[in-house]
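Student: First the structure, which I've put down as structure tokens, then a few questions once you've had a look.
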Amino acid sequence: MKKNNLPENKNLDLIRALIIKHKKNDHIFAGIGFFVIASLAVALLVLFLDLLINGYPKINLEFFSNFPSRKPEMAGILSAWMGSALVLFVTFFVAVPIGVAAGIYLEEYAKKGWFADLIEINVSNLAGVPSIIYGLLALGLFVYEFGMGQSILTAGLTLSLLMLPIVIVSTREAIRGIPVHIREAAFAVGATKWQVTWHHVIQYAMGGVLTGIIIGMARAIGETAPVITIGALTFIAFLPPSPVTEVAPFINFDWLDAGFTVLPIQMFNWISRPEHAFHINAAATGAVIIMLTLLMNGVAIKLRYNIRKKIKW
Amino acid sequence: MVKKQEIIKAESRNFNFFYADGTHALKDINVPLYEKRITALIGPSGCGKSTFLRSFNRMHDLYPGNKYQGKIILNPDDTNILDKKVDAIEVRMRISMVFQKPNPFPKSIYENVAYGLRVRGENNKRMLDDKVEEALKGASLWNEVKDRLPDLAFNLSGGQQQRLCIARALATDPEIMLFDEPTSALDPIATVNIEELMSELKKKLTILIVTHNMQQAARISDYTAYMYLGKMIEFDETDIIFTNPSKKETEDYITGKFG
Amino acid sequence: MSNVKPTISKALKKNIRRNFVERLIEWALMFSGLIAILVTFGIVYILVSESIPFFDSVSLKEFLTSTIWTPNFEIKNYGILPLVAGTVTITGIALIVAIPLGTITAVYLSEFASHKVKETVKPVLELLVGVPTVVFGYFALLLVTPLLQKIIPDLASFNMLGPGIVMGIMIVPYIASVAEDSMRAVPMAMREGSYAMGATRFQTAVSVVMPAALSGIIAAYILAISRGIGETMIVAIAAGQQPNFTFNPIESAATITAYIVSVALGDLEHGGIGYQSIFAAGMVLFIMTLSLNILGQWTRNKFSERY
């Protein structure tokens with residue numbers, strides 16, 4: 001049924017043929033894209049599974065309670081995980097207050113100007129400095145200039161510098177999400193700037209800050225290069241002095257000066273050995289590190305997701 | 001009410017539209033678009049006029065979950081352009097669109113206009129040159145840009161950018177052109193330019209325009225549809241709508257008692 | 001009453017104390033911000049001050065042009081070129097792997113993937129960014145290199161190819177997520193403009209979205225290069241720690257970072273030339289990554305200014 005005396009569009013068949021041709025590219029690319037992502041996922045899954053399967057037989061209580069040893073079957077990661085824990089303890093208590101404070105300063109206090117700009121430029125550049133450079137800084141400054149030696153304190157401070165930009169950036173992002181009217185409401189009832197910050201801003205930003213802290217700590221657990229550079233030992237068969245004592249004042253800080261090793265260095269050490277049996281130990285250590293970091297990152301990502309979903313100002 | 005010699009170029013029949021969140025945005029819309037005429041859609045904001053316009057080149061397909069119901073028939077081949085079997089790309093190649101805010105691509109002026117042809121696989125330099133010139137002339141932009149075709153399109157003024165977008169839509173010889181409040185982001189002089197351009201364009205093709213500006217509808221359109229809350233209240237010749245509407249709601253809106 | 005000396009009311013006294021505390025807190029916060037600047041200055045200070053004695057014994061010309069780096073030999077030679085060659089080769093291999101894969105992933109996620117796929121893949125990418133590099137080093141040495149040796153029998157057990165490929169895989173999520181961010185920031189109106197012309201997804205992605213996001217995508221590449229150059233553990237574990245002036249990926253060679261690690265693992269005395277040499281090498285590394293980072297940030301900002 002020919003309608004309306006309009007001429008039939010002769011191009012229509014041409015257009016249809018063209019679309020079919022062009023859509024083929026769509027399908028081809030969608031296929032390639034999916035293939036790339038899927039194969040990356042498979043490759044990484046295979047790698048991680050290999051690590052887990054190789055390391056699995058070693059992962060038992062003894063592995064965690066034994067010192068490293070020349071005999072691979074006897075070797076464990078006691079000194080390494082203790083070292084990691086103590087180093088991270090220092091890192092946490094240095095990086096978190098300073099990082100959060102700096103983030104608050106930049107968002108709430110700093111006036112727009114060259115000083116704030118300078119800090120900002122520095123923070124974003126520090127985030128991109130290779131970790132081994134922090135190691136060199138710590139080697140020159142903390143180990144020798146300040147005479148802190150190759151100690152847990154040095155390592156903790158070094159890793160806290162690495163973690164600092166992460167904490168600062170996440171604090172700022174979290175604070176930026178808080179609308180002005182919340183602050184105004186608090187100011188309106190006579191609160192001081194710090195009261196507004198402490199009672200409101202920090203409280204509401206807590207989730208985001210926490211996310212940054214967890215991601216930063218996860219990164220600190222896995223960092224190897226800077227800790228090697230400051231001269232962490234690779235073979236340690238003793239524990240640092242206990243932070244808790246049996247006599248008053250029940251706490252001592254001698255452990256801060258102690259030599260140490262950490263999990264990734266222990267793993268590095270075992271990878272570098274020629275004997276296959278040590279590679280199994282390395283795999284087991286790697287599995288422990290991976291589990292820890294994936295778990296922490298997973299928690300952080302989930303946390304952030306929940307915050308985004310929950311909070312609607 | 002409709003002059004005898006008018007030809008229906010496209011027509012919506014019992015058209016309904018649902019957004020992904022379930023909102024029933026358009027309810028039983030029946031509107032004809034007459035060949036080589038300008039049809040204006042007016043109504044308060046949120047009444048669905050843009051939603052309706054965007055259905056004509058299946059823009060809603062870009063966002064998952066949106067649902068069309070009913071028909072939009074495109075003549076002369078009597079195609080229901082909402083039919084799942086009809087490719088959205090085919091529809092868009094026949095019906096082009098100019099947006100509310102000028103949205104040139106981050107390319108040269110020349111490449112912006114040539115884009116639609118390139119998308120169709122046209123790479124013949126001479127052919128492209130001719131078409132670009134013709135389209136720019138058609139959008140009365142040629143004299144202003146003929147010496148700077150390789151310049152980035154972002155460097156044009158807002159009004160020029162919008163005319164560039166019209167040239168871009170024109171270059172592929174569309175059968176219908178859709179205008180979604182094309183002058184709302186422009187100053188009065190640029191607006192006049194575009195309005196004159198549309199009157200020129202209707203000699204060649206069919207135009208559907210959404211406008212928030214009733215004077216504009218009265219100035220340029222041949223037919224006007226008044227929409228309210230997703231419903232078509234009244235459709236008629238523009239003169240009648242603005243002088244002697246049959247519905248009370250239309251009259252209230254036109255005279256400013258409401259809205 | 002006018003001769004009565006005004007006494008400060010209790011409330012006002014509290015005010016003075018309060019203002020003092022407020023000021024104190026502000027200073028403390030500012031000092032925390034200052035630390036970021038101090039760290040940068042610390043880095044520059046240490047690198048420069050420890051390198052100066054190094055350049056007393058090694059001429060800048062030798063350092064920059066000699067192709068031999070033999071700090072442990074009888075005749076010591078300090079030409080940075082072998083370390084730079086190793087760094088460039090491995091980073092180059094990594095980029096050959098990471099740029100296509102990362103870009104395809106980004107385009108797919110931003111323009112093709114369904115909401116559901118996107119919501120699953122994005123967090124996984126973020127997770128992968130957090131995997132410690134020592135683990136990737138393990139993969140490079142003990143899994144990928146043996147696998148490659150089956151295809152290339154000449155491949156040394158320490159080589160640049162294996163760590164390069166693994167580093168590439170490590171960088172993919174990084175490129176993908178930065179590039180995807182910048183493509184997502186391209187206004188929808190621009191895509192609609194293209195679709196309205198009858199363009200397909202692929203045409204829209206390649207000829208509208210990617211050019212619009214170009215500076216963001218380039219920034220992703222630049223930041224990825226910087227990351228590759230600074231990466232330490234993968235190369236220290238799997239590429240060997242022997243400086244070797246070669247661009248041949250199947251040979252073993254040390255990078256700048258691997259050299260620093262190898263010195264730190266040994267017993268070089270504090271203040272000796274070997275000790276100083278790692279700071280000179282570190283300075284080269286710092287200058288390379290800093291310039292790339294600044295360039296990358298600048299490109300990225302140029303992009304965000306536009307939208």
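Student: For region B:106-146, state which residues have at least 20 Å² less accessible area in the presence of all protein chains than in their chain by itself, taking the probe as 1.4 Å and leaving out ligands, DNA and RNA.
Tutor: Relative to the lone chain, where solvent access is computed with a 1.4 Å probe, region B:106-146 loses at least 20 Å² at B:106, B:107, B:115, B:119, B:120.
Student: Roughly how many Å is it from the Cα centre of region C:185-238 to that of region A:103-125, as a whole number?
Tutor: Centre-to-centre distance over Cα atoms comes out at 29 Å.
Student: Alpha carbon centre of region C:104-127 versus region A:54-83: separation in Å?
Tutor: After rounding, the separation between the Cα centres reads 38 Å.
Student: Follow-up question, since we're still on this one. Antiparallel DSSP bridges in the protein assembly as shown: what percent, to the nearest 5?
Tutor: Beta bridges within the protein assembly as shown, antiparallel portion: roughly 60 percent.
Student: Just need the Rg to Rh number for chain A, please, alpha carbons only, Kirkwood Rh.
Tutor: When Rh is taken as the Kirkwood radius, the ratio is 1.16.
Student: Translational diffusion coefficient, Stokes-Einstein: compute it for region C:65-104 using the Kirkwood radius over C-alpha pairs as Rh, at 4 °C and 1.567 mPa s, and state it as an integer in µm² s⁻¹.
Tutor: The Stokes-Einstein estimate is 110 µm²/s.
Student: Using Cα pairs closer than 8 Å and at least 6 residues apart in sequence, work out the relative contact order for chain C, in percent.
Tutor: Worked out over chain C, it gives 24 percent.
Student: Shifting gears a bit: Run the accessible area of region C:150-307 with a 1.4 Å probe and give the carbon-and-sulfur part as a rounded percent.
Tutor: Carbon plus sulfur share of accessible area: 61 percent.
Student: If you don't mind, there's one more thing I want to ask. Nearest 100 Å², what total accessible surface is buried between chain B and chain C (probe 1.4 Å)?
Tutor: Buried area between the two chains comes out at roughly 1800 Å².
Student: Just to verify a number: what accessible area does residue A:206 come out at with the full protein assembly present, 1.4 Å probe, Å² rounded to tens?
Tutor: My reading of the accessible area for residue A:206 is about 90 Å².
Student: Please report the spacing between the Cα centers of region A:270-313 and region B:98-170 in Å, no decimals.
Tutor: Spelled out, the Cα-based centre of one part sits 52 Å from the other.
Student: Specify whether the C-alpha gyration tensor of region B:131-198 places it in the rounded, prolate or oblate class, a ≥ b ≥ c being the square roots of the eigenvalues: rounded for a/c under 1.5, otherwise prolate if a/b is larger than b/c and oblate if not.
Tutor: Since a/c reaches 1.5 but b/c is at least a/b, the shape of region B:131-198 is classed as oblate.
Student: So what is log10(I(q)/I(0)) for chain C at q = 0.09 1/Å, when the Debye sum runs over its Cα atoms only?
Tutor: Here the Debye-derived log intensity ratios amount to -0.61.
Student: Right, here's the next one. Let me make sure I get this right: for region C:236-300, a, b and c are the square roots of the gyration tensor eigenvalues over alpha carbons, sorted descending. Under 1.5 in a/c it's rounded, otherwise prolate if a/b > b/c, else oblate. Which is it?
Tutor: Because a/c hits 1.5 or more and a/b fails to exceed b/c, region C:236-300 counts as oblate.
Student: Ignore the peptide's own chain and count Cβ atoms of other chains within 10 Å of each Cβ in C:205-218; give me the average, rounded.
Tutor: Mean inter-chain Cβ contacts per residue within 10 Å come to 2.
Student: Given the options C:44, C:144, C:263, which has the most mean-square fluctuation in a GNM of chain C, springs set between C-alpha atoms less than 10 angstrom apart?
Tutor: Answer for the Gaussian network model of chain C: C:44.
Student: Here's something else I'd like to know. Leaving out ligands and nucleic acids, and using a 1.4 Å probe, what accessible area per residue does region B:1-124 come to in Å²?
Tutor: For region B:1-124, the solvent-accessible area averages 38 Å² per residue.
Student: Between chains C and A, what is the buried accessible area summed over both chains (1.4 Å probe, protein heavy atoms, nearest 100 Å²)?
Tutor: 6500 Å²
Student: Separate question: Taking a ≥ b ≥ c as the square roots of the eigenvalues of the Cα gyration tensor of region B:206-259, is the shape rounded (a/c under 1.5), prolate (a/b larger than b/c) or oblate?
Tutor: Cα axes put region B:206-259 in the rounded bin.
Student: Additional query: Show the residues, 5+ positions off or on another chain, whose built amide H is closer than 5 Å to the amide H of residue B:70.
Tutor: B:16
Student: Whole-Hz Karplus ³J(HN,Hα) for region B:138-155, in order, using 6.51 cos²θ - 1.76 cosθ + 1.60 and θ = phi - 60°, x for Gly and Pro?
Tutor: x, 9, 6, 10, 3, 5, 7, 10, 4, 8, 10, 4, x, 5, 5, 5, 5, 6
Student: Say a site is exposed when it is one of the trypsin sites (Lys or Arg not before Pro), sits in a DSSP loop, and has at most 15 other Cβ atoms within 10 Å; what is then the longest site-free stretch of chain A?
Tutor: A:113-311
Student: With angles folded into 0 to 90 degrees, how steeply does helix B:188-201 sit against the dominant principal axis of chain B? Use alpha carbons for both and round to 10.
Tutor: Its long axis makes an angle of about 90 degrees.
Student: Would you mind giving the mean number of other chain beta-carbons within 10 Å of the Cβ of each residue in C:229-237, as a whole number?
Tutor: 5
Student: P(r) tail for region C:10-57, what percent of Cα pairs lie past 18 Å?
Tutor: In whole percent, the share of Cα-Cα pairs in region C:10-57 beyond 18 Å is 59.
Student: Skip the ligands, DNA and RNA, and give the accessible area per residue of region A:104-238 with a 1.4 Å probe, whole Å².
Tutor: Solvent-accessible surface per residue comes out at 38 Å².
Student: May I pose another question? Taking Cα atoms, how many degrees apart are the long axis of helix A:152-176 and the longest axis of chain A, rounded to 10 and kept between 0 and 90?
Tutor: Compared with the principal axis, the helix lies near 30 degrees.
Student: Beta carbons within 10 angstrom, averaged per residue: use that to sort the peptides C:211-220, A:43-52, highest first.
Tutor: C:211-220, A:43-52
Student: Span-like helices, chain C: DSSP H, alpha-carbon axial extent 15 Å or more, mean Kyte-Doolittle 1.0 or greater, which ones?
Tutor: C:81-107, C:161-184, C:214-230
Student: Compare the peptides C:150-159, C:76-85 by average per-residue count of other Cβ atoms within 10 angstrom and give them in order, highest first.
Tutor: Per-residue Cβ counts within 10 Å, averaged per peptide and sorted highest first, yield C:76-85, C:150-159.
Student: Would you calculate the volume per residue, in Å³, of the smallest convex hull containing every Cα atom of the protein assembly as shown?
Tutor: Dividing the Cα hull volume of the protein assembly as shown by its residue count gives 256 Å³.
Student: Take chain B, mark every one of the trypsin sites (Lys or Arg not before Pro) that falls in a DSSP loop and has at most 10 other Cβ within 10 Å, then report the longest stretch left between them, sites excluded.
Tutor: So the longest stretch without any such site is B:86-202.
Student: Total Å² of accessible surface buried at the A-B contact, 1.4 Å probe, nearest 100?
Tutor: Buried: approximately 1400 Å² between B and A.
Student: At 20 °C and 1.002 mPa s, what whole-number value in µm²/s does Stokes-Einstein give for the translational diffusion of region B:1-62, with Rh from the Kirkwood sum over Cα pairs?
Tutor: 165 µm²/s
Student: Enumerate the calculated ³J(HN,Hα) couplings along region B:102-108 in order (Karplus 6.51 cos²θ - 1.76 cosθ + 1.60, θ = phi - 60°), each rounded to whole Hz, writing x wherever the residue is Gly or Pro.
Tutor: Values per residue, Gly and Pro as x: x, 10, x, 7, x, 9, 5 Hz.
The values are calculated or read from the model by the stated rules, or taken from the named source; none is laboratory data. These numbers were taken from a predicted model, which means no experiment stands behind them. Counting neighbours? That spans all protein chains shown, and the Cβs are built from the backbone with ideal geometry, glycine included. Note: accessible area is taken over every heavy atom of the protein model, side chains too, but ligands, DNA and RNA are not part of it. Shrake-Rupley method; radii C 1.70, N 1.55, O 1.52, S 1.80 Å.
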